[in-house]
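Notes follow the structure.
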Amino acid sequence: MHELLPKAAEIRITQKPGRLNARAFDVVDQLLLFLPKRPSAAVWRAIPDSQRMRTAMAKRRSDDIPVLQTRLSNQRQTHVVAATVTADTSTFELLSNSRKLIAAAGGEKAGTLGICVVGFSGEQQQAICKAATAAALAAGFNLPSYKSKASPAGIRRIQVLGLDEKVDLDRIIAEAHGNNLARWLTAMPPNKLNAVNYAAILKDLATRNEWQFKRFNTKDLAKAGAGAFLAVAQGNDNDSASIVRLRYRPASKTAAPELSLVGKGIIFDTGGTNLKPFASMLDMHGDMQGSAVALGTLLAISELRLPLAVDCWLAITENRTGPNAYKSQDIVTAANGKTIQTIHTDAEGRMVLADTLTLASREKPRLMIDYATLTGAAVNAITTRYSAVFTNRAKWHPRLKRTGEGCGERVWPFPIGKEFLTDLKSDVADIMQCSPNPYGDHILAGSFLAEFVEHDTPWVHVDLAASSHKDGLGHIPTEVTGFGVRYTMSLMLDEQILQDH
Ligand SMILES: [Zn+2]
C-alpha cells in the first residue's frame with residue numbers, strides 16, 4: 001500500500017438482532033439510542049436499565065440533540081445519548097442528528113459504540129440504523145495528522161442492537177470507504193499530495209482494486225490537442241501534470257463505459273497569474289476534492305462489485321504563477337478544436353475539465369458525471385449546505401433534486417445552455433473562458449463546459465459548493481465533506497438513473 005494512504009485498522013461491525021437482553025449494553029462504551037418522539041411504556045420496557053433514561057427524558061427542556069444523556073450503572077458505565085425520530089424526519093436530519101449524537105458521546109475512552117433503535121419497524125428502523133452507522137464510520141476515521149504525538153484511537157467497534165433482523169450494511173460500508181478516501185486525500189497537505197504522488201497513489205489503488213490504469217502525460221495530451229488543460233499545466237515548475245484514467249470492468253475487460261466519472265484535481269490553486277489573496281488561497285490544497293470524490297465513488301462501486309463498466313478521469317495539475325503560467329487574453333485551442341479566449345487564470349477548473357470531458361465523452365458513456373470545486377458563485381447562490389447541479393438533460397432536474405433529498409447529500413439544479421453563451425461571446429475566439437462580469441459564474445461555467453461534451457452524452461455537472469462546511473455536514477463531522485460519493489451511489493442505486501433515461 002502506498003505510504004500516503006491511511007493505515008488505520010478497519011472498524012468492526014457486529015449485529016445482535018432480536019429483543020434486548022438485560023446485559024445487552026454491558027459491552028458498549030457509548031450508546032446511541034434512537035427513540036420515537038413520545039416513547040410508549042412498551043418501548044421503555046424493551047430497553048434494559050431504562051429508568052434513568054426515562055427520568056432524563058422527562059426532565060428535558062428542549063428538543064436539542066441529545067434529547068437525553070445519562071450513564072448506566074453497569075461496569076463500563078455506558079454513556080447513553082439519545083435522539084428522537086418521527087415519520088417526517090428527513091434523511092439529512094437523521095444523518096445530522098447521528099453526527100451530533102456521536103459528538104455528544106465523544107471525549108470517551110476508545111472502544112465500542114452501540115447503536116440501538118427501539119420503537120420503530122421495518123424500513124424506518126433500517127434507515128435509522130444505516131444513518132447512524134454511516135455517521136459512526138465517518139467519525140471513526142481520522143484525517144491525516146502529522147503531530148509527533150499520535151492522537152488517541154476513537155471508535156474501534158460498532159455494535160448494532162435491538163433490530164428485528166440484521167440490516168445489510170455493505171453499501172453503507174462501501175460508501176464510507178469512498179467518502180473517507182475522498183476526505184483523506186483532500187485534507188492531505190499539498191507538499192505530500194503533489195501531482196507525482198497523486199498519480200502513484202492512483203496506480204497503487206488501481207493495482208489493489210484491479211482497475212485498469214492509464215496516465216496521459218503532457219506529451220500525450222499535446223498530441224491529443226488538449227490545449228485547455230495544458231494552458232493550466234504549463235505553469236507547473238515540473239512536468240508532473242497529467243490526466244489519469246481508471247477503468248473498472250466487472251465483466252468484459254474491453255467493455256465500453258456505461259458510467260464516466262470526471263474530477264477536477266487541482267493540487268494547489270494559487271489563482272495563477274491573477275493571484276488569489278491570502279484568505280482565498282489558504283485552503284486551496286483542497287481544490288482537488290472533485291477528483292477525490294470521483295475516485296471515492298469508483299471505489300464504492302468497485303467494492304460492491306456493481307455490474308457496471310465505469311471510467312474515472314482525473315485532471316491533475318497545479319495552478320501556479322511563474323514565467324510560463326498562462327495569462328489573461330491567451331488564446332488556446334481545446335481538444336475538440338474550439339478556441340478559448342482566456343480571461344481569468346483563476347478559472348482554471350473549467351479549462352482542465354473542458355478537455356477531460358471531451359476525452360471522456362468520446363468513449364460514449366451512457367452517463368457522464370463531473371465533480372469540481374468550481375465556482376464561488378455556486379456558494380454565493382446556495383451556501384455550503386447544498387451543492388449545485390447542472391445537466392444537459394433539463395428534464396432530470398426533479399430527479400436530481402429528489403435523489404439529494406433521499407440520500408441526505410442535497411443538491412439544487414441550475415439552468416445551463418446556449419442562451420447563456422451570449423455572456424461568453426468572444427470577438428477573437430470561439431468562446432470566452434468566463435465573463436469579466438461577476439454574475440452567475442456557476443451557470444456560465446456549466447454552460448461553458450457543456451460546449452466540450454461530445455456525442456450529446458447525457459451529463460451531470462456537480463459544482464461542489466458543499467465540499468467544505470464548517471463543523472461538518474450531514475453525517476460527516478469534518479469541515480472537508482467528501483460530498484458526492486453518497487449522492488452518486490443514490491443516483492445509481494435508488495434513482496436508477498442509468499436504467500431509465
Ligand atoms: Zn481557481
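Largest first and in whole Å, give the semi-axes of region 12-168's equivalent ellipsoid, each being the square root of 5 times a Cα gyration tensor eigenvalue. Please report the intermediate quantities before stating the final value.
Working: eigenvalues 114, 60, 52 Å².
For region 12-168, the ellipsoid semi-axes come out as 24, 17, 16 Å.
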**OP:** Give the whole-number value, in cubic angstrom per residue, of the convex hull volume spanned by the C-alpha atoms of the chain.
**Re:** 148
Original post:
Which whole-number percent gives the relative contact order of region 12-168, counting Cα pairs below 8 Å spaced six or more residues apart?
Top reply: 36
**OP:** Taking 7 Å along the Cα-to-C-beta vector as the label spot, tell me the Arg393-Arg60 distance in nanometres, rounded to one decimal.
**Re:** 4.2
**OP:** Assuming a ≥ b ≥ c are the square roots of the Cα gyration tensor eigenvalues, decide whether region 272-337 counts as rounded (a/c under 1.5), prolate (otherwise, with a/b larger than b/c) or oblate.
**Re:** oblate
Original post:
So how tilted is helix 195-209 from the main axis of the chain? Cα-based, degrees 0 to 90, rounded to 10.
Top reply: 60
Original post:
Under a point spin-label approximation (7 Å from Cα along Cα-to-Cβ), what is the Asp168-Asp494 distance to one decimal in nm?
Top reply: 1.6
Subject >> Total formal charge among the other residues, if their Cβ is under 15 angstrom from that of Leu4, Lys/Arg +1 and Asp/Glu -1 >> reply: +3
Original post:
Counting pairs of alpha carbon atoms under 8 Å apart in space and at least six apart in sequence, what relative contact order in percent does the chain give?
Top reply: 15
**OP:** Compute the distance in nm between two label points, each set 7 Å from the Cα along the Cα-to-Cβ direction, one at Ala41 and one at Asp427.
**Re:** 8.5
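Once every DSSP H run of n ≥ 4 in the chain is given -39500 (n - 2.57) and the sum is divided by its residues, what mean residue ellipticity at 222 nm do you get, rounded to the nearest 500 deg cm²/dmol? Display every interim value, and only then the final one.
On the way: 15 runs with 164 residues, N = 501.
Result for the chain, helices only: -10000 deg cm²/dmol.
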Original post:
Which percent, nearest 5, of DSSP beta bridges in the chain are antiparallel?
Top reply: 35
Original post:
Which FRET efficiency, nearest 0.05, do Asn324 and Lys364 yield, Cβ-Cβ r, R0 30 Å?
Top reply: 0.30
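Under the classification rounded if a/c is under 1.5, otherwise prolate if a/b is larger than b/c and oblate if not, where does region 385-501 fall, given a ≥ b ≥ c as square roots of the Cα gyration tensor eigenvalues? Walk me through the intermediate numbers first.
Numbers: a/c = 2.74, a/b = 1.46, b/c = 1.87.
Oblate, since a/c reaches 1.5 and b/c is not below a/b.
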Original post:
Using a Förster distance of 51 Å, how high is the FRET efficiency between Thr383 and Glu210, based on the Cβ-Cβ distance and rounded to 0.05?
Top reply: 0.80
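Which percentage, to the nearest 5, of the DSSP beta bridges contained in region 12-168 is antiparallel? Kindly include the intermediate steps, with their values, before the conclusion.
Values: 4 of 27 bridges.
Roughly 15 percent of the beta bridges in region 12-168 run antiparallel, per DSSP.
What is the Rg over Rh value, at two decimals, for region 255-302, using alpha-carbon atoms and the Kirkwood definition of Rh?
Numbers: Rg = 14.5 Å, Rh = 12.3 Å.
We get a ratio of 1.18 for region 255-302.
At R0 = 22 Å, how high is the FRET efficiency between Ser148 and Glu10 if r is their beta carbon distance? Nearest 0.05 is fine.
Numbers: r = 26 Å, r/R0 = 1.16.
Working from the Cβ atoms, E equals 0.30.
Below 8 Å, C-alpha to C-alpha, sequence gap of six or more: please give me the relative contact order for region 393-501 in percent. Mind showing how you got there, number by number?
Working: 100 pairs, mean separation 28.7, N = 109.
Across region 393-501, relative contact order equals 26 percent.
Suppose the chain between Asp456 and Arg402 were pulled fully straight at 0.36 nm per residue; how much longer would it get relative to their current alpha carbon spacing?
Working: separation 54, 0.36 × 54 = 19.44 nm, distance 2.40 nm.
Separation in residues times 0.36 nm, less the Cα-Cα distance, equals 17.0 nm.
No value in this document is a laboratory result; all are computed from the given coordinates. Keep in mind it's a predicted model, so treat the numbers as computed, not measured. Cβ sites come from the backbone with ideal geometry, for glycine too, and all protein chains shown count toward neighbours.
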